[in-house]
Amino acid sequence: MNNETNNPVDNVVTNMVSDDINTIDTNDNHSQLVDIDTNAIDTVDTQIVETETDSEKVGKGRPPHLPNTDTRNRVYILATVGTRHEDIATVLNISHDTLVKYYKEELDKGRIEANASVAETLFKQAKEGNTTAMIFWLKSRAKWKETSQHEISGNPDGTPVEVKIVTGID
């Protein structure tokens, strides 16, 4: 090894290690002296640096998603039957964010058509006399609501209110 490096740590290491140093082989149970080839260490360091630079060139994450007519139709059909977005993304092997990014129109139209289909059936049921469907429709679409008001007030002079229980039995 040369002492021509500018890094002080390298100079210290170089001074500590010479080409003919012997050390203990830790792979054996008994001590055995082996020669260290410092040129091999330099080669390993070079290979590690080259590997690191090669790995930086490799892209990270999933490959880019390219929507096509088939995937658009698939997303639309799954959305029209009420499939959750996370499940649709799993079927396509993409993330939820990618699904929304590329298929927002199909997801929205599918959701609207699914809701319209169910609403149509509910409306028909309500018109045919299904009381439950009528009540649900009026509460959700016509903003009807059931209210109960309970008022408790005392006497104006501050005396307790008398409660009389009428049973109808004398």
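Odds and ends about this structure:
- Cross-link reach list, lysines versus Lys101, counting only Cα pairs under 19 Å and skipping chain neighbours closer than eight places: Lys109
- Of the residues Trp144, Trp137, the one with the fewest other Cβ atoms within 10 Å heads the list, and the complete ranking is Trp144, Trp137.
No lab work stands behind these numbers, since they all come straight from the coordinates. Note that the structure is predicted; figures quoted are calculated from it, not measured. Reconstructed Cβ throughout: ideal geometry from the backbone, glycine too, with neighbour counts over all protein chains shown.
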